[in-house]
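The values are calculated or read from the model by the stated rules, or taken from the named source; none is laboratory data. No experiment lies behind these values; they were computed from the predicted model shown. Backbone-built Cβ (ideal geometry, glycine too); neighbour counts: all protein chains shown. Surface accessibility is based on the protein's heavy atoms, side chains included, excluding ligands, DNA and RNA. Shrake-Rupley method; radii C 1.70, N 1.55, O 1.52, S 1.80 Å.
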Amino acid sequence: MIPYGKQDIDQKDIEAVIDVLKSDWLTQGPKVPEFEQSIINYARCKHAVAVNSATSALHVACLSLGVTDGDLVWTSPISFVASSNCALYCGATIDFVDINLSTGNMCTLELEKKLIVAKENKQLPKVVIPVHLAGQSCDMQRIYALSLEYGFAIIEDASHAIGAKYQNEPVGSCQYSDICVFSFHPVKIITSAEGGMATTNDPILARKMQLLRSHGVTSVDTEMTEPSQGPWYYQQVSLGFNYRMTDIHAALGLSQLQKVDTFIAKRNQLASLYNDLLNDTLIAPLFLVEGTYSAYHLFVVQLTVPCKAKHRELVTQLRRHNIMGHVHYIPIHLQPYYQAMGFKSGDFPNAERYYESAVTLPLHPGLTIEQVQYVVDTVHDILS
Ligand SMILES: *Cc1c(COP(=O)(O)O)cnc(C)c1O
(Lines give C-alpha, C1' and ligand atoms only; values in the text may rest on other atoms or scores of the structure.)
Protein backbone atom coordinates (compact mmCIF):
# COMPACT_ATOMS: atom_id res chain seq x y z
CA MET A 1 0.00 0.00 0.00
CA ILE A 2 1.39 3.45 -0.89
CA PRO A 3 0.70 5.53 2.25
CA TYR A 4 -0.75 9.04 1.95
CA GLY A 5 1.98 10.33 4.27
CA LYS A 6 5.03 8.85 5.92
CA GLN A 7 7.96 9.94 8.05
CA ASP A 8 11.47 10.05 6.61
CA ILE A 9 14.02 8.91 9.22
CA ASP A 10 17.73 8.64 8.44
CA GLN A 11 20.82 7.43 10.32
CA LYS A 12 21.47 10.91 11.76
CA ASP A 13 18.01 10.96 13.32
CA ILE A 14 18.62 7.54 14.85
CA GLU A 15 21.99 8.59 16.24
CA ALA A 16 20.55 11.78 17.70
CA VAL A 17 18.04 9.71 19.65
CA ILE A 18 20.64 7.17 20.78
CA ASP A 19 22.92 9.99 22.00
CA VAL A 20 20.17 11.18 24.33
CA LEU A 21 19.53 7.66 25.59
CA LYS A 22 23.20 7.43 26.55
CA SER A 23 23.24 10.88 28.17
CA ASP A 24 22.31 12.02 31.69
CA TRP A 25 18.98 13.47 30.64
CA LEU A 26 16.02 11.67 29.11
CA THR A 27 13.74 14.59 29.82
CA GLN A 28 14.15 18.20 30.99
CA GLY A 29 17.74 18.24 29.69
CA PRO A 30 19.38 20.45 27.05
CA LYS A 31 17.65 19.08 23.92
CA VAL A 32 14.26 20.70 24.47
CA PRO A 33 15.65 24.25 24.80
CA GLU A 34 17.93 23.55 21.83
CA PHE A 35 14.97 22.45 19.73
CA GLU A 36 13.02 25.52 20.85
CA GLN A 37 15.89 27.85 19.93
CA SER A 38 16.19 26.23 16.51
CA ILE A 39 12.47 26.75 15.90
CA ILE A 40 12.85 30.39 16.99
CA ASN A 41 15.64 30.85 14.44
CA TYR A 42 13.82 28.98 11.71
CA ALA A 43 10.38 30.56 12.11
CA ARG A 44 11.78 34.00 13.01
CA CYS A 45 9.74 34.38 16.17
CA LYS A 46 10.76 35.46 19.68
CA HIS A 47 9.60 32.47 21.76
CA ALA A 48 8.89 28.79 21.23
CA VAL A 49 7.38 26.42 23.77
CA ALA A 50 7.79 22.70 23.10
CA VAL A 51 5.07 20.34 24.29
CA ASN A 52 4.14 16.69 23.83
CA SER A 53 1.65 17.29 20.98
CA ALA A 54 0.01 19.99 18.91
CA THR A 55 -3.18 19.16 20.78
CA SER A 56 -1.46 20.15 24.05
CA ALA A 57 -0.04 23.24 22.35
CA LEU A 58 -3.53 24.31 21.25
CA HIS A 59 -4.83 23.73 24.79
CA VAL A 60 -2.14 25.79 26.55
CA ALA A 61 -2.39 28.41 23.80
CA CYS A 62 -6.10 28.87 24.54
CA LEU A 63 -5.51 28.93 28.31
CA SER A 64 -2.68 31.45 28.03
CA LEU A 65 -5.05 33.76 26.13
CA GLY A 66 -7.51 33.44 29.01
CA VAL A 67 -10.10 31.25 27.29
CA THR A 68 -12.52 30.04 29.94
CA ASP A 69 -16.18 29.18 30.68
CA GLY A 70 -18.58 31.25 28.65
CA ASP A 71 -16.03 32.40 26.08
CA LEU A 72 -16.49 31.80 22.38
CA VAL A 73 -13.84 30.28 20.12
CA TRP A 74 -14.20 29.93 16.34
CA THR A 75 -12.30 27.65 14.03
CA SER A 76 -12.61 25.92 10.68
CA PRO A 77 -14.95 22.92 10.28
CA ILE A 78 -12.47 21.35 7.83
CA SER A 79 -9.75 20.33 10.23
CA PHE A 80 -8.78 17.62 12.65
CA VAL A 81 -10.98 17.60 15.76
CA ALA A 82 -8.09 18.87 17.92
CA SER A 83 -8.51 22.36 16.42
CA SER A 84 -11.85 22.74 18.14
CA ASN A 85 -11.52 20.37 21.12
CA CYS A 86 -8.94 22.74 22.66
CA ALA A 87 -11.70 25.31 23.21
CA LEU A 88 -13.96 22.72 24.85
CA TYR A 89 -11.14 21.70 27.24
CA CYS A 90 -11.24 25.28 28.53
CA GLY A 91 -15.02 25.24 29.02
CA ALA A 92 -15.55 27.60 26.09
CA THR A 93 -18.25 27.37 23.44
CA ILE A 94 -17.05 26.43 19.97
CA ASP A 95 -18.40 27.64 16.66
CA PHE A 96 -17.16 27.33 13.10
CA VAL A 97 -16.54 29.66 10.18
CA ASP A 98 -17.27 28.12 6.80
CA ILE A 99 -14.45 27.56 4.34
CA ASN A 100 -13.48 28.75 0.91
CA LEU A 101 -14.32 25.80 -1.33
CA SER A 102 -11.26 26.16 -3.56
CA THR A 103 -8.56 26.32 -0.83
CA GLY A 104 -10.33 24.53 2.02
CA ASN A 105 -9.18 27.33 4.35
CA MET A 106 -11.36 29.55 6.54
CA CYS A 107 -13.22 32.01 4.30
CA THR A 108 -12.52 35.59 5.37
CA LEU A 109 -15.79 36.85 3.85
CA GLU A 110 -17.71 34.31 5.93
CA LEU A 111 -15.65 35.33 8.95
CA GLU A 112 -16.51 38.98 8.46
CA LYS A 113 -20.22 38.21 7.94
CA LYS A 114 -20.28 36.16 11.12
CA LEU A 115 -18.42 38.86 13.08
CA ILE A 116 -20.94 41.53 12.05
CA VAL A 117 -23.82 39.39 13.34
CA ALA A 118 -21.87 38.41 16.48
CA LYS A 119 -21.17 42.04 17.29
CA GLU A 120 -24.87 42.89 17.08
CA ASN A 121 -25.65 39.99 19.39
CA LYS A 122 -22.75 40.84 21.70
CA GLN A 123 -21.34 37.36 21.11
CA LEU A 124 -17.94 38.06 19.66
CA PRO A 125 -15.32 35.31 19.83
CA LYS A 126 -12.38 35.62 22.20
CA VAL A 127 -10.13 33.57 19.93
CA VAL A 128 -10.25 32.56 16.26
CA ILE A 129 -8.19 29.55 15.16
CA PRO A 130 -7.49 29.52 11.41
CA VAL A 131 -6.11 26.21 10.14
CA HIS A 132 -3.54 26.17 7.33
CA LEU A 133 -5.06 23.24 5.47
CA ALA A 134 -2.66 20.92 3.66
CA GLY A 135 0.19 23.33 4.40
CA GLN A 136 -1.09 26.49 2.71
CA SER A 137 -1.46 29.57 4.89
CA CYS A 138 -4.85 31.19 5.40
CA ASP A 139 -5.31 34.86 4.46
CA MET A 140 -3.67 35.98 7.71
CA GLN A 141 -3.39 39.64 6.84
CA ARG A 142 -7.17 39.88 6.44
CA ILE A 143 -7.89 37.81 9.54
CA TYR A 144 -5.49 40.01 11.51
CA ALA A 145 -7.20 43.18 10.25
CA LEU A 146 -10.55 41.75 11.40
CA SER A 147 -9.04 40.86 14.78
CA LEU A 148 -8.09 44.51 15.30
CA GLU A 149 -11.57 45.65 14.32
CA TYR A 150 -13.48 43.08 16.39
CA GLY A 151 -11.03 42.44 19.23
CA PHE A 152 -10.26 38.75 19.14
CA ALA A 153 -6.97 36.89 19.52
CA ILE A 154 -5.57 34.56 16.85
CA ILE A 155 -4.05 31.10 17.22
CA GLU A 156 -2.79 29.68 13.93
CA ASP A 157 -3.18 25.92 13.75
CA ALA A 158 -0.12 25.35 11.57
CA SER A 159 0.04 21.62 12.29
CA HIS A 160 0.36 21.12 8.50
CA ALA A 161 2.51 24.11 7.79
CA ILE A 162 5.98 24.20 9.33
CA GLY A 163 8.26 25.42 6.55
CA ALA A 164 5.43 27.12 4.68
CA LYS A 165 5.67 30.80 3.86
CA TYR A 166 3.16 33.59 3.83
CA GLN A 167 4.16 36.82 2.08
CA ASN A 168 7.76 35.55 2.20
CA GLU A 169 7.70 35.23 5.99
CA PRO A 170 7.87 31.78 7.59
CA VAL A 171 4.62 30.48 9.07
CA GLY A 172 5.27 30.59 12.82
CA SER A 173 6.69 34.12 12.78
CA CYS A 174 3.36 35.26 14.28
CA GLN A 175 3.41 38.40 12.19
CA TYR A 176 -0.40 38.26 12.09
CA SER A 177 -1.23 36.14 15.13
CA ASP A 178 -0.72 35.82 18.86
CA ILE A 179 0.36 32.17 18.82
CA CYS A 180 1.16 29.63 16.12
CA VAL A 181 1.09 25.87 16.70
CA PHE A 182 3.09 23.14 14.92
CA SER A 183 2.62 19.36 15.09
CA PHE A 184 5.43 16.84 14.87
CA HIS A 185 3.29 13.73 14.55
CA PRO A 186 4.89 11.27 12.07
CA VAL A 187 2.46 12.04 9.24
CA LYS A 188 3.31 15.76 9.41
CA ILE A 189 6.24 17.55 7.72
CA ILE A 190 8.88 16.76 10.34
CA THR A 191 8.46 14.48 13.32
CA SER A 192 9.49 14.06 16.93
CA ALA A 193 7.25 10.93 17.07
CA GLU A 194 4.69 12.78 19.21
CA GLY A 195 5.28 16.46 19.79
CA GLY A 196 4.18 20.01 19.22
CA MET A 197 5.40 23.57 19.51
CA ALA A 198 3.75 26.91 20.18
CA THR A 199 5.49 30.02 18.87
CA THR A 200 4.75 33.59 19.92
CA ASN A 201 6.36 37.03 20.09
CA ASP A 202 4.71 37.80 23.44
CA PRO A 203 6.92 36.97 26.45
CA ILE A 204 3.93 36.85 28.82
CA LEU A 205 2.06 34.29 26.69
CA ALA A 206 5.26 32.27 26.33
CA ARG A 207 5.82 32.18 30.08
CA LYS A 208 2.18 31.24 30.76
CA MET A 209 2.47 28.34 28.30
CA GLN A 210 5.77 27.22 29.87
CA LEU A 211 4.09 27.07 33.28
CA LEU A 212 1.00 25.32 31.95
CA ARG A 213 3.01 22.55 30.27
CA SER A 214 4.61 21.66 33.59
CA HIS A 215 2.00 21.62 36.38
CA GLY A 216 1.83 25.42 36.75
CA VAL A 217 4.89 25.15 38.97
CA THR A 218 7.60 27.83 39.14
CA SER A 219 10.99 28.08 40.84
CA VAL A 220 11.47 31.70 39.80
CA ASP A 221 11.47 34.02 42.85
CA THR A 222 9.71 36.91 41.13
CA GLU A 223 6.78 34.67 40.18
CA MET A 224 6.17 33.57 43.77
CA THR A 225 3.70 35.04 46.24
CA GLU A 226 6.29 35.15 49.05
CA PRO A 227 10.08 34.97 49.38
CA SER A 228 11.59 31.60 48.57
CA GLN A 229 11.90 29.28 51.58
CA GLY A 230 15.18 27.81 50.29
CA PRO A 231 16.94 26.28 47.31
CA TRP A 232 14.43 23.40 47.11
CA TYR A 233 11.45 25.72 47.00
CA TYR A 234 8.85 25.94 44.25
CA GLN A 235 5.28 27.17 44.05
CA GLN A 236 2.30 26.12 42.01
CA VAL A 237 0.83 29.33 40.62
CA SER A 238 -1.59 28.00 37.98
CA LEU A 239 -3.35 24.71 37.19
CA GLY A 240 -0.96 23.18 34.70
CA PHE A 241 -0.49 19.75 33.20
CA ASN A 242 2.32 17.41 32.33
CA TYR A 243 2.54 18.33 28.66
CA ARG A 244 6.34 18.34 28.52
CA MET A 245 8.31 17.13 25.52
CA THR A 246 11.09 14.69 26.42
CA ASP A 247 14.71 15.15 25.35
CA ILE A 248 14.45 11.97 23.28
CA HIS A 249 11.63 13.47 21.24
CA ALA A 250 13.33 16.87 21.06
CA ALA A 251 16.55 15.30 19.71
CA LEU A 252 14.59 13.64 16.93
CA GLY A 253 12.69 16.86 16.18
CA LEU A 254 15.91 18.87 16.15
CA SER A 255 17.58 16.43 13.77
CA GLN A 256 14.51 16.46 11.52
CA LEU A 257 14.37 20.25 11.51
CA GLN A 258 17.74 20.34 9.72
CA LYS A 259 15.99 18.67 6.77
CA VAL A 260 12.72 20.57 6.73
CA ASP A 261 13.56 22.69 3.67
CA THR A 262 14.73 19.62 1.72
CA PHE A 263 11.52 17.78 2.64
CA ILE A 264 9.36 20.67 1.53
CA ALA A 265 11.27 21.20 -1.70
CA LYS A 266 10.71 17.49 -2.45
CA ARG A 267 7.02 17.75 -1.55
CA ASN A 268 6.64 20.78 -3.84
CA GLN A 269 8.42 18.94 -6.69
CA LEU A 270 6.17 15.92 -6.35
CA ALA A 271 3.11 18.16 -6.12
CA SER A 272 4.01 19.91 -9.37
CA LEU A 273 4.58 16.52 -10.97
CA TYR A 274 1.05 15.56 -9.90
CA ASN A 275 -0.22 18.85 -11.31
CA ASP A 276 1.51 18.22 -14.64
CA LEU A 277 0.34 14.63 -14.95
CA LEU A 278 -3.23 14.98 -13.69
CA ASN A 279 -5.24 15.67 -16.75
CA ASP A 280 -8.92 15.12 -16.12
CA THR A 281 -11.56 17.82 -15.99
CA LEU A 282 -13.42 15.84 -13.31
CA ILE A 283 -10.79 16.68 -10.69
CA ALA A 284 -8.68 19.69 -9.72
CA PRO A 285 -5.99 20.22 -7.09
CA LEU A 286 -6.54 22.68 -4.25
CA PHE A 287 -6.19 26.25 -5.43
CA LEU A 288 -2.84 27.88 -4.62
CA VAL A 289 -3.13 31.48 -3.53
CA GLU A 290 -0.52 33.98 -4.70
CA GLY A 291 1.91 34.99 -1.98
CA THR A 292 1.83 31.61 -0.25
CA TYR A 293 4.38 28.81 -0.37
CA SER A 294 2.71 25.60 0.74
CA ALA A 295 4.49 23.07 2.93
CA TYR A 296 2.36 20.47 1.09
CA HIS A 297 1.60 18.33 4.09
CA LEU A 298 -1.18 16.86 1.95
CA PHE A 299 -1.84 16.67 -1.76
CA VAL A 300 -5.57 17.16 -2.10
CA VAL A 301 -7.63 16.95 -5.28
CA GLN A 302 -11.30 17.78 -5.51
CA LEU A 303 -14.04 16.44 -7.72
CA THR A 304 -15.03 19.48 -9.74
CA VAL A 305 -18.65 18.49 -9.17
CA PRO A 306 -19.01 17.25 -5.57
CA CYS A 307 -20.77 13.90 -5.50
CA LYS A 308 -21.00 11.61 -2.51
CA ALA A 309 -21.13 8.39 -4.52
CA LYS A 310 -18.28 9.26 -6.88
CA HIS A 311 -16.17 10.48 -4.00
CA ARG A 312 -16.63 7.26 -2.11
CA GLU A 313 -15.97 5.22 -5.23
CA LEU A 314 -12.71 7.07 -5.93
CA VAL A 315 -11.24 6.50 -2.45
CA THR A 316 -12.47 2.89 -2.31
CA GLN A 317 -11.02 2.06 -5.72
CA LEU A 318 -7.70 3.73 -4.89
CA ARG A 319 -7.37 1.49 -1.87
CA ARG A 320 -8.21 -1.56 -3.98
CA HIS A 321 -5.24 -0.55 -6.11
CA ASN A 322 -2.96 -0.36 -3.06
CA ILE A 323 -3.06 3.42 -2.88
CA MET A 324 -3.98 4.84 0.49
CA GLY A 325 -6.35 7.53 -0.72
CA HIS A 326 -7.77 9.47 2.22
CA VAL A 327 -10.18 12.26 3.08
CA HIS A 328 -9.12 15.34 5.05
CA TYR A 329 -11.42 16.06 6.74
CA ILE A 330 -14.83 14.91 7.87
CA PRO A 331 -16.41 18.26 8.90
CA ILE A 332 -15.94 18.54 12.65
CA HIS A 333 -19.47 19.82 13.24
CA LEU A 334 -20.85 16.55 11.83
CA GLN A 335 -19.01 14.38 14.36
CA PRO A 336 -21.49 12.78 16.77
CA TYR A 337 -19.93 14.56 19.75
CA TYR A 338 -20.50 17.90 18.04
CA GLN A 339 -23.94 17.04 16.71
CA ALA A 340 -24.89 16.31 20.32
CA MET A 341 -23.98 19.95 21.07
CA GLY A 342 -26.54 21.09 18.48
CA PHE A 343 -24.57 21.27 15.24
CA LYS A 344 -26.25 19.69 12.25
CA SER A 345 -25.99 18.92 8.59
CA GLY A 346 -26.47 22.12 6.57
CA ASP A 347 -24.75 24.42 9.11
CA PHE A 348 -21.60 24.90 6.99
CA PRO A 349 -22.52 24.15 3.38
CA ASN A 350 -19.09 24.73 1.83
CA ALA A 351 -17.43 22.44 4.34
CA GLU A 352 -20.04 19.78 3.57
CA ARG A 353 -19.58 20.14 -0.19
CA TYR A 354 -15.84 20.01 0.31
CA TYR A 355 -16.24 16.75 2.19
CA GLU A 356 -18.05 15.27 -0.81
CA SER A 357 -15.24 16.24 -3.15
CA ALA A 358 -11.82 16.20 -1.46
CA VAL A 359 -9.46 13.25 -1.83
CA THR A 360 -5.94 13.14 -0.43
CA LEU A 361 -3.44 11.42 -2.71
CA PRO A 362 -0.10 10.07 -1.40
CA LEU A 363 2.61 12.68 -0.84
CA HIS A 364 5.75 12.33 1.24
CA PRO A 365 9.48 12.79 0.62
CA GLY A 366 10.07 9.09 0.00
CA LEU A 367 7.45 8.87 -2.78
CA THR A 368 8.97 8.05 -6.18
CA ILE A 369 8.19 9.54 -9.59
CA GLU A 370 7.00 6.07 -10.67
CA GLN A 371 4.60 5.94 -7.76
CA VAL A 372 3.18 9.36 -8.64
CA GLN A 373 2.71 8.14 -12.22
CA TYR A 374 0.97 5.00 -10.92
CA VAL A 375 -1.34 7.05 -8.70
CA VAL A 376 -2.22 9.40 -11.55
CA ASP A 377 -2.85 6.54 -14.00
CA THR A 378 -5.05 4.83 -11.44
CA VAL A 379 -7.03 8.01 -10.76
CA HIS A 380 -7.57 8.50 -14.51
CA ASP A 381 -8.67 4.87 -14.90
CA ILE A 382 -11.13 5.10 -12.03
CA LEU A 383 -12.66 8.32 -13.30
CA SER A 384 -13.05 7.18 -16.90
C1 LIG B 1 -2.36 16.63 13.48
C2 LIG B 1 -3.19 17.82 13.77
C3 LIG B 1 -3.42 18.28 15.06
C4 LIG B 1 -2.99 17.53 16.27
O5 LIG B 1 -1.64 17.28 16.29
P6 LIG B 1 -1.03 16.27 17.38
O7 LIG B 1 0.42 16.66 17.39
O8 LIG B 1 -1.24 14.89 16.85
O9 LIG B 1 -1.69 16.51 18.66
C10 LIG B 1 -4.13 19.46 15.23
N11 LIG B 1 -4.61 20.14 14.18
C12 LIG B 1 -4.41 19.72 12.92
C13 LIG B 1 -4.96 20.53 11.79
C14 LIG B 1 -3.73 18.53 12.67
O15 LIG B 1 -3.59 18.09 11.42
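Quick notes
- Whole-Hz couplings from phi, Karplus 6.51/-1.76/1.60, listed for the stretch 272-278; x for Gly and Pro: 6, 4, 3, 4, 5, 7, 5
- Gap separating the Cα centres of the stretch 151-207 and the stretch 86-104, nearest whole Å: 17
- Annotation: amide H of ASP8 has no partner in the under-5 Å range at sequence separation 5 or more or interchain, hydrogens built in the peptide plane.
- The portion of the accessible surface of the chain made up by carbon and sulfur, rounded to a whole percent, is 53 (1.4 Å probe; DNA, RNA and ligands excluded).
- Between VAL237 and GLU15, the distance separating the two model label sites (each 7 Å from Cα on the Cα→Cβ line) works out to 4.2 nm.
- The lysines within cross-link reach of LYS114, meaning a Cα-to-Cα straight distance under 18 Å and a gap of 8 or more places when in the same chain, are LYS122, LYS126, LYS344.
- Whole-number accessible area per residue in Å² for the stretch 1-87, which is evaluated in the context of all protein chains at 1.4 Å: 45
- Here LEU383 sits with roughly 30 square angstrom of accessible surface, probe radius 1.4 Å.
- Working from label points 7 Å from Cα in the Cα-to-Cβ sense, the GLN373 to THR68 distance is 6.2 nm.
- Potential extension, ARG319-CYS307 segment - 0.36 nm per residue separation minus Cα distance: 2.5 nm
- Exposure ranking of ARG207, ARG267 by accessible area [1.4 Å probe, largest first]: ARG207, ARG267
- Exposure of ILE154 as accessible area (Å², to 10), given a probe of 1.4 Å and all protein chains: 0
- Taking amide H as placed 1.01 Å from N in the peptide plane, the amide H of SER214 sits under 5 Å from that of PHE241, TYR243, each at least 5 places away or on another chain.
- In a fully extended conformation the segment linking LEU277 and ALA340 would gain 18.3 nm over its present Cα-Cα distance, using 0.36 nm per residue.
- Rolling a 1.4 Å probe over the heavy atoms of the protein chains gives the stretch 131-191 an accessible area of 26 Å² per residue.
- Computed from the C-beta positions of GLU226 and GLU110, the FRET efficiency with R₀ = 35 Å rounds to 0.10.
- Modelled FRET efficiency - R0 22 Å, GLU290 with GLN269, Cβ distances, 0.05 increments: 0.65
- TYR243 accessible area, assembled protein chains, probe 1.4 Å, Å²: 40
- Gaussian network model of the chain, Cα within-10 Å springs - most flexible of VAL237, VAL97, VAL131: VAL237
- DSSP beta bridges in the chain [antiparallel fraction, %, rounded to 5]: 65
- Listed residue pairs exceeding 21 Å between alpha carbons, taken from LYS188/LYS208; LYS6/LYS266; LYS31/LYS259: LYS188/LYS208
- Averaged over its residues, the stretch 260-383 has an accessible area of 48 Å² per residue, based on protein heavy atoms and a 1.4 Å probe.
- Most mobile listed residue (ASP24, ASP178, ASP98) in the chain, GNM with C-alpha springs under 10 Å: ASP24
- Between LYS344, LYS188, LYS46, the residue with the greatest mean-square fluctuation in the GNM of the chain (Cα pairs under 10 Å linked by springs) is LYS344.
- When HIS249, HIS132 are compared by accessible surface with a 1.4 Å probe, the order from highest to lowest is HIS249, HIS132.
- Taking all protein chains together, THR222, THR55 sort by accessible area into THR222, THR55, largest first [probe 1.4 Å].
- Considering all different alpha carbon pairs of the stretch 260-383, the Kirkwood hydrodynamic radius works out to 15.6 Å.
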